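Here's a structure for you.
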C-alpha cells in the first residue's frame with residue numbers, strides 16, 4: 001500500500017521471493033506504468049519491475065484476499081490511510097510496516113498506530129528495518145535487513161515471504177528496537193548532511209554516527225528495547241547506510257540545511273519524504289519524557305526550527321562538557 005520508491009522496491013522483492021504482489025498507488029499514471037510498462041520511472045528510473053507485479057488505484061482490489069498487507073506511505077499519513085482502509089483489510093492478514101518514523105502528537109511508533117487504529121493484537125503486526133536504500137535493492141544489489149514481530153511465527157512468515165538471492169532478511173522479536181533504530185537514524189543523518197555541507201571531514205561524520213548510535217541506544221533502553229538490536233542491521237547498519245550514502249533522503253535534506261536553506265526551502269526542493277524532518281520532534285518529546293539526553297537530536301531540532309544558525313551547530317556540540325564515553329551523554 002504505497003507506490004513510492006521503497007514500497008515499489010519491496011513489492012519487487014516479494015515477487016522475486018515468489019510472493020505474488022499487487023501494488024496500490026494513489027496516482028493512476030503510476031499504476032498504469034507499473035502494470036503495462038513494468039516500471040515506476042518517477043521513483044525508480046531505469047528499473048525494470050517484475051512482469052508479475054501489477055498495480056491499482058483501487059484499495060479494495062489491492063487488499064482483497066491478501067495474506068500480507070504492507071504499508072509504505074509517509075509516516076504522518078498512516079493513521080488516516082488506515083482508517084479508510086480498515087473495512088477492506090482481511091481479518092487474518094499479517095500487517096507489515098515499512099515506515100521509519102514516529103507519529104507527531106502521539107509519539108507512537110508505526111506498529112503502535114496500526115494496533116490502535118485497526119484494533120488488532122500486536123502479534124499481527126510486523127516491521128521491516130535495516131539498511132534499506134531502495135535504489136540499490138531495486139537494482140538487486142545484495143542487502144540484508146531485519147524483519148520483526150513480537151511473535152516469532154509472524155517474523156518467520158515475513159522472512160520466508162521476502163527472502164531472495166539478493167535480499168537477506170534476519171528475523172527478530174524486538175519490534176521496539178527495530179522501529180526506534182529506523183526512525184532516529186534519520187535524525188542523525190540530517191546532522192551528518194549538515195556536517196557534509198559545512199565541509200567537515202570524516203572524523204566529524206564518524207563522531208556523529210557513533211554518538212548518534214549512543215543516543216538511539218539510550219532511548220531504546222528507556223523504552224524497553226533489546227540493546228543488541230542497536231549493534232545490528234536495524235541499528236548500526238541502518239545508521240551507517242543512511243548517514244553515508246548520497247541516496248539517503250535525510251542526509252540530502254541535511255545538506256540543504258547546511259548549505260543555508262531554511263527547512264521550508266529544503267522541503268520545496270525535496271520530492272520524496274525525509275522522515276527525520278518531522279520525526280525529530282516526537283523523538284525529542286519521547287527523550288525528554290523519559291529523561292534521555294539526545295544532544296545531536298536537540299541541535300538538529302534547533303536548526304530546523306530556525307533557532308540555531310547552522311554554522312553554529314558543530315560548535316554547540318563540541319562545547320558540551322567532557323564525560324566518560326560509556327557513562328555520560
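Separation of segment 42-105 and segment 305-323 by C-alpha centroid, Å?
That distance is 39 Å.
Over the chain, what is the relative contact order in percent, taking alpha-carbon pairs closer than 8 angstrom and at least six residues apart?
Numbers: 638 pairs, mean separation 48.3, N = 329.
Answer for the chain is 15 percent.
With axes computed from alpha carbons, what is the tilt in degrees of helix 175-197 against the longest principal axis of the chain, rounded to the nearest 10 within 0 to 90?
It works out to around 60 degrees.
Based only on other Cβ atoms within 10 Å, what is the fewest-to-most ordering of 174, 67?
Numbers: 174 26, 67 12.
Going from sparsest to densest Cβ surroundings: 67, 174.
Something else now. If you find the alpha carbon centre of segment 1-24 and of segment 211-244, how far apart are they in angstrom?
After rounding, the separation between the Cα centres reads 27 Å.
Another question, then. Roughly speaking, what is the stretch gain from residue 86 to residue 203, that is 0.36 nm per residue apart minus the C-alpha to C-alpha distance, in nm to one decimal? Intermediate results must be reported in sequence, preceding the final value.
Details: separation 117, 0.36 × 117 = 42.12 nm, distance 4.81 nm.
Gain on stretching residue 86 to residue 203: 37.3 nm.
Shifting gears a bit: Packing-wise, with mean Cβ within 10 Å as the measure, how do 283-290, 233-240, 19-26, 259-266 rank, highest first? Intermediate results must be reported in sequence, preceding the final value.
Numbers: 283-290: 17.2, 233-240: 24.6, 19-26: 20.1, 259-266: 14.6.
Result, highest mean Cβ count within 10 Å first: 233-240, 19-26, 283-290, 259-266.
How high is the relative contact order of segment 5-175, in percent, with contacts defined as C-alpha pairs under 8 Å that are six or more residues apart?
Values: 324 pairs, mean separation 34.4, N = 171.
That works out to 20 percent.
Can you pull the semi-axes for segment 161-309, root of five times each eigenvalue of the Cα gyration tensor, sorted largest first, whole Å? Present the calculation step by step, with values, prior to reporting the outcome.
Numbers: eigenvalues 121, 69, 39 Å².
Whole-Å semi-axes of the equivalent ellipsoid: 25, 19, 14.
Further question: Angle, helix 295-305 long axis vs. longest principal axis of the chain, Cα atoms, 0 to 90°, nearest 10?
For helix 295-305, the angle is close to 80 degrees.
Taking the Cβ-Cβ separation of residue 52 and residue 319 as r and a Förster radius of 51 Å, what is the calculated FRET efficiency to the nearest 0.05? Each step should come with its number before you reach the end.
Working: r = 56 Å, r/R0 = 1.11.
According to the calculation, E is roughly 0.35.
Once you have the Cα-Cα distance between residue 144 and residue 305, take 0.36 nm times their residue separation minus that, and quote the gain in nm to one decimal.
Working: separation 161, 0.36 × 161 = 57.96 nm, distance 3.51 nm.
Result: 54.5 nm gained on full extension.
Full extension from residue 156 to residue 37: what is 0.36 nm times the residue separation minus their Cα-Cα distance, to one decimal in nm? Working shown, then result.
Details: separation 119, 0.36 × 119 = 42.84 nm, distance 3.30 nm.
Residue separation times 0.36 nm, minus the Cα-Cα distance, leaves 39.5 nm.
Tell me, what is the FRET efficiency for residue 244 and residue 293 to the nearest 0.05, using R0 = 22 angstrom and their Cβ-Cβ distance as r?
0.30
Sticking with this one: Taking the highest mean first, how do the peptides 268-274, 143-149, 188-194 order by number of other beta carbon atoms within 10 angstrom per residue? Before the final figure, lay out the partial values.
Details: 268-274: 15.1, 143-149: 24.6, 188-194: 30.3.
The peptides rank, most packed first, as 188-194, 143-149, 268-274.
Restricted to Cα positions, what overall size does segment 95-219 have along the principal axes? Three whole-Å values, descending.
Result, largest extent first: 47, 39, 21 Å.
Same structure again: Can you figure out the FRET efficiency of residue 166 with residue 228, using R₀ = 22 Å and their beta-carbon distance, to the nearest 0.05?
Details: r = 26 Å, r/R0 = 1.16.
After rounding, the FRET efficiency stands at 0.30.
Let me ask you something else. I need the shape label for the chain. Rule: rounded when a/c is under 1.5, else prolate if a/b > b/c, else oblate, with a, b, c from the alpha carbon gyration tensor.
Working: a/c = 1.82, a/b = 1.49, b/c = 1.22.
It is prolate, given that a/c is not under 1.5 and a/b is the larger ratio.
Relative contact order of segment 93-240, please, whole-number percent, based on alpha carbon pairs below 8 angstrom and at least 6 residues apart.
Averaging sequence separation for qualifying contacts and normalising by length gives 24 percent for segment 93-240.
Normalise the Debye intensity by I(0) for segment 43-154, one equal point scatterer per Cα, no solvent, then take log10 at q = 0.12, 0.20 Å⁻¹ and round to two decimals.
Here log10 of I(q) over I(0) equals -0.47, -1.25.
Now a separate question. Of 226, 202, 16, which is the most mobile in a GNM of the chain whose springs link Cα atoms less than 10 angstrom apart?
Evaluated over the chain, the most mobile residue of the options is 202.
Still on this structure, please answer the following. Against the longest principal axis of the chain, how steep is helix 5-16, in degrees 0 to 90 to the nearest 10, with axes from Cα atoms?
50
With both bridge residues required to lie in the chain, what share of the DSSP beta bridges run antiparallel, to the nearest 5%?
25
Based on other C-beta atoms within 10 Å, arrange 37, 151 from fewest to most. Don't skip to the end; give the middle numbers.
Working: 37 11, 151 17.
Taking fewest neighbouring Cβ atoms as first place, the list is 37, 151.
Since every read-out is calculated from the coordinates, none of them should be taken as a lab result. Computed from a predicted model, the values in this text were never measured in an experiment. Cβ sites come from the backbone with ideal geometry, for glycine too, and all protein chains shown count toward neighbours.
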